[in-house]
Structures are given as structure tokens and as C-alpha cells.
């Protein structure tokens, strides 16, 4: 799961309520819709390894 900082807690609560307390999540900056392109690029680049790790079962 990829969630922005603002929705991290809500996403964790929802995951637990759906029986997924150990859902691997990568948290990125917020907001995405109005963030400068440079910020989006930096967040995307910083997220690649954590997303791959989560998909491969190595993330948190």
C-alpha cells in the first residue's frame, strides 16, 4: 500500500479493520495534487526501494 502522510493513520486503521494488521505500507509526502514537480520526483525516487521491498515481503 502506498499512502500519503496525511492518510497513514487512517490507512492503518482501515487495514486492521479489514483483517490486515501487518499490511506493508510505504508513506509518501502530502499533498500530491499540489506539490511541486521537484517534490513529486524526489518522493517517487525515494519510494522505489521501499515499494519493491514491500512487494517482495521485506517491507513494514
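May I ask you to verify whether residue 15 is touching a strand residue (DSSP E or B) at 6+ places or on another chain (Cβ under 8 Å), buried (at least 16 other Cβ atoms within 10 Å of the Cβ) and either at pLDDT 95 or above or not in a helix (DSSP H, G or I) (or both)?
In short, no.
For residue 8, which of the numbered conditions (1) out of contact with any strand residue (DSSP E or B) (no Cβ under 6 Å at 6 or more places or on another chain); (2) surrounded by 12 or more Cβ atoms within 10 Å (Cβ to Cβ) fails to hold?
(1)
Residues that are crowded, with 16+ Cβ neighbours inside 10 Å and assigned to a helix (DSSP H, G or I): does the range 18-38 have at least one?
Within the range 18-38, not a single residue is crowded, with 16+ Cβ neighbours inside 10 Å and assigned to a helix (DSSP H, G or I).
Tell me, please, whether a residue that is part of a loop (DSSP other than H, G, I, E, B), surrounded by 11 or more Cβ atoms within 10 Å (Cβ to Cβ), over 11 Å from the mean Cα position of the chain (by Cα) and on the phi < 0 side of the Ramachandran plot can be found in the range 42-57.
In the first step, residues of the range 42-57 are kept if they are part of a loop (DSSP other than H, G, I, E, B); the result is 56-57.
Filter once more, so that each one left must be surrounded by 11 or more Cβ atoms within 10 Å (Cβ to Cβ): none.
Checked against the condition, which is being part of a loop (DSSP other than H, G, I, E, B), surrounded by 11 or more Cβ atoms within 10 Å (Cβ to Cβ), over 11 Å from the mean Cα position of the chain (by Cα) and on the phi < 0 side of the Ramachandran plot, the range 42-57 yields no hits at all.
Just a yes or no: is a residue in the range 2-9 farther than 25 Å from residue 57 by Cβ and outside any strand (DSSP E or B)?
The initial filter retains those residues of the range 2-9 that are farther than 25 Å from residue 57 by Cβ, namely 6.
Imposing the further condition that a residue be outside any strand (DSSP E or B) reduces the set to 6.
Yes: one or more hits.
The values are calculated or read from the model by the stated rules, or taken from the named source; none is laboratory data. Note that this is a predicted model, so its numbers are computed, not measured. Please note: Cβ atoms are built from the backbone with ideal geometry, for glycine as well, and neighbour counts cover all protein chains shown.
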